[in-house]
Structure formats: structure tokens, C-alpha cells
Amino acid sequence: MEGFEQLSFAGREIFRGHLPDHAQRTSRLLHELHAGMKDFSFSHKIGGRWENSYLPIEKVPSVRDIICPARDLAVNLYGGKLVALYDPPFGLEHPPFWFNLATTGESTGVHNHARESEISGVYYLDTPIDSGELFFRSDGEEDLTLVPETGVLVLFPSVLRHGVRSNSASGKRISMAFNLFAFPLPIFGMETFGAEVP
């Protein structure tokens with residue numbers, strides 16, 4: 001897709017850019033997110049904060065307006081068939097998309113999403129200046145650091161280790177992260193659980 005920057009790190013490709021009409025997509029999803037915050041569920045705490053905040057797709061239907069084109073873009077950029085899931089797969093409690101709301105001083109430790117997914121993404125919904133950079137880490141290499149920007153989508157292979165530096169701003173950094181899966185779904189069987197497949 002035009003306007004997407006390609007970066008190489010640890011032998012893998014990372015893509016960053018804007019979806020068409022990103023301002024409208026961001027505004028709609030932020031509105032739904034703020035309206036649904038009372039219904040958040042959470043997975044785990046790190047350093048005293050809830051790391052991931054979840055809402056059902058019915059509360060944030062505009063998630064599809066970001067993940068679906070992101071999936072199509074990832075298919076073109078990385079090849080293969082990829083599945084976008086919006087409901088929790090069988091046996092799991094949470095959907096494979098979530099929100100991170102980081103206040104001043106909060107960060108995210110280094111991790112990856114390689115357990116089930118192929119491609120991961122982050123979409124920035126609100127990013128005050130100095131609210132914490134996304135970074136990628138690999139042994140023997142200098143970290144690749146990306147400054148967050150509202151309305152920007154970042155796609156990367158799920159095996160890449162990454163984290164988010166401390167938020168030095170006075171306001172919250174708000175992002176949505178998600179995972180895309182190879183099709184067919186070997187770990188869940190052939191049932192796609194409301195998935196979209198290109």
C-alpha cells in the first residue's frame with residue numbers, strides 16, 4: 001500500500017504507515033472505546049498496572065475498520081493467507097485484540113506474540129509527545145525504535161521481540177494491538193470463530 005515505510009530488523013520486515021481515512025477510523029474507535037471502558041476485562045498486571053484491556057467486538061465494532069484492512073495489507077506484504085479473529089477462539093478468554101492505556105511513567109516490557117500468531121500489529125489512537133516509543137530488540141543488534149503517531153499502523157512478524165518505553169507525557173498513550181493468524185487454523189481446528197479470511 002502506498003505510503004507505508006518498510007524497515008528491516010533481525011532479518012524480518014516491519015511496515016509502518018497510515019490507512020486511508022485514518023483520522024475518521026481513529027475518531028470512531030476512540031469514541032467507542034471511551035464509551036465502553038466500564039466494560040473492560042483484563043488479563044494480567046505488570047508493575048501494578050493492567051497490561052491489556054479487552055472489550056468485546058460488539059462494544060467496539062470499528063475495530064474491524066482497522067484490523068480488516070490491516071489483514072489485507074499484511075497478506076500483500078508478507079504473503080500467505082491470514083485470518084483476522086474478533087471473538088475469543090475456543091478455549092481462550094479474551095479476543096486477539098486489546099487496548100493499552102499507559103499513563104505517565106508506565107511502560108511495557110520486552111515480549112513477543114509468537115505462541116499462535118503469524119503477524120502482529122499496533123494502531124495508535126492517542127499519542128501525546130514523549131508518550132513512549134515502540135522498540136524492537138534482538139541479541140547482538142541495536143534496538144530499532146519507532147516514535148508513536150496517532151493514526152499510524154505498524155505491522156510486524158509476531159516472533160519479533162518488542163516493548164514500549166516509559167510514557168514521559170502528562171497524558172495517556174492509547175493504542176490497540178492485535179494478532180493475525182495463519183489459515184487454516186491448526187491450533188483451533190477448521191472452525192474460524194467469526195474470522196475473516198481473504
The stretch 112-184 to the stretch 7-82: how many Å between their Cα centroids? 10
A correct fewest-to-most ranking of HIS18, HIS111 by other Cβ atoms within 10 Å would be HIS111, HIS18
Going by how many other beta carbons lie within 10 Å of each one, how would you line up TYR123, TYR54, fewest first? TYR54, TYR123
Give me the number: length gained by fully extending SER43 to ALA10, i.e. 0.36 nm times residue separation minus the C-alpha to C-alpha distance, one decimal in nm. 9.0 nm
Counting other beta carbons within 10 Å of each residue's own, what order do SER120, SER131 fall into, fewest first? SER120, SER131
What is the percent of Cα-Cα separations in the chain that go past 29 Å? 17
Radius of gyration and Dmax for the stretch 99-154's Cα atoms, expressed in Å? 12.3, 33
Evaluate the relative contact order of the stretch 10-142 (contact order divided by residue number), counting alpha-carbon pairs under 8 angstrom at least 6 apart; express in whole percent. 22
Of the residues GLY163, HIS22, TYR78, the Cα lying farthest along the dipole of the chain towards its positive end, which is defined by charges on the beta carbon of Lys, Arg, Asp and Glu, belongs to GLY163
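Every read-out reported here was derived from the displayed coordinates using simple, explicitly stated rules and does not represent laboratory data. These numbers come from a predicted model, not from an experiment. Note: ideal-geometry Cβ built from the backbone for every residue, glycine included; neighbour counts use all protein chains shown.
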